[in-house]
1. Go through the stretch 60-105 and give me each residue that's open to solvent by 10 Å² or more (accessible area, probe 1.4 Å), in a helix (DSSP H, G or I) and at pLDDT 95 or above.
2. Taking the condition of being over 17 Å from Gln13 (Cα atoms), open to solvent by 70 Å² or more (accessible area, probe 1.4 Å) and outside any loop (DSSP other than H, G, I, E, B), how many residues in the stretch 108-122 meet it?
3. Being among the small types (Gly, Ala, Ser) and closer than 19 Å to Gly56 by Cα narrows it down to one residue among Ala98, Ala92; which is it?
4. Under 8 Å between Cβ atoms, at least 6 apart or on separate chains: pull out the pairs that start in the stretch 50-78 with a residue that is at positive phi and end on any residue that is open to solvent by less than 70 Å² (accessible area, probe 1.4 Å) and part of a strand (DSSP E or B).
5. Taking the stretch 15-59 on its own, how many of its residues are hydrophobic (A, V, I, L, M, F, W, C), exposed (fewer than 15 other Cβ atoms within 10 Å of the Cβ) and within 19 Å of Gly107 (Cα to Cα)?
6. Restricting to the stretch 58-75, name every residue that is farther than 14 Å from Gly35 by Cα and touching a Gly at 6+ places or on another chain (Cβ under 9 Å).
Amino acid sequence: QVQLVESGGRLVQPGGSLRLSCAASGRTFSNYVMGWFRQAPGKEREFVAGINWGGGITRHANSVKGRFTISREYAKNTVYLQMNSLRPEDTAVYYCVAGPRIGGDPGSWDYWGQGTQVTVSS
């Protein structure tokens with residue numbers, strides 16, 4: 001079992017930056033790839049980014065490529081999502097996930113956090 005707890009979501013102005021954190025506990029952190037999904041009101045969950053256990057392989061959705069960066073820090077069992085140049089369309093609940101492989105299908109991820117709200121508005 002893996003427990004994931006997100007933090008860092010808040011209201012931010014368009015063009016601003018935000019860093020989300022996800023603290024993992026439970027089973028060996030390094031056995032899992034980690035990722036972020038998001039869900040806006042009335043929309044399906046959308047893959048945002050994923051990172052392998054070694055940290056050398058990352059994948060970002062086209063909608064956030066060049067603006068968002070995923071990273072992980074083993075010493076703290078934590079994965080981050082650095083979000084720059086935020087847009088109103090980035091407004092969503094952001095979920096931290098863990099699973100066996102990076103993929104865009106929500107069903108392929110084994111563990112989910114409770115989510116953190118990010119609102120981009122002036």
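1. Across the stretch 60-105, the qualifying residues are Pro88, Glu89.
2. Number satisfying all stated conditions: 1.
3. Result: Ala98 is the single residue among Ala98, Ala92 that is among the small types (Gly, Ala, Ser) and closer than 19 Å to Gly56 by Cα.
4. Listed pairs, sorted by first residue: Gly55/Ser71; Gly55/Arg72; Asn77/Ala23; Asn77/Ala24; Asn77/Ser25.
5. Kept after step one, since they are hydrophobic (A, V, I, L, M, F, W, C), are these residues of the stretch 15-59: 18, 20, 22-24, 29, 33-34, 36-37, 40, 47-49, 51, 53, 57.
Remaining after also requiring exposed (fewer than 15 other Cβ atoms within 10 Å of the Cβ): 40, 57.
Then keep just the ones that are within 19 Å of Gly107 (Cα to Cα); that gives 40.
Selection size over the stretch 15-59: 1.
6. Hit for the stretch 58-75 is Tyr74, nothing else.
The values are calculated or read from the model by the stated rules, or taken from the named source; none is laboratory data. Just so it is clear, the structure is predicted and the values come from calculations on it, not from any experiment. Please note: Cβ atoms are built from the backbone with ideal geometry, for glycine as well, and neighbour counts cover all protein chains shown. Ligands, DNA and RNA are stripped out before the accessible areas are found, and what is left, the full protein with its side chains, is counted by its heavy atoms. Shrake-Rupley method; radii C 1.70, N 1.55, O 1.52, S 1.80 Å.
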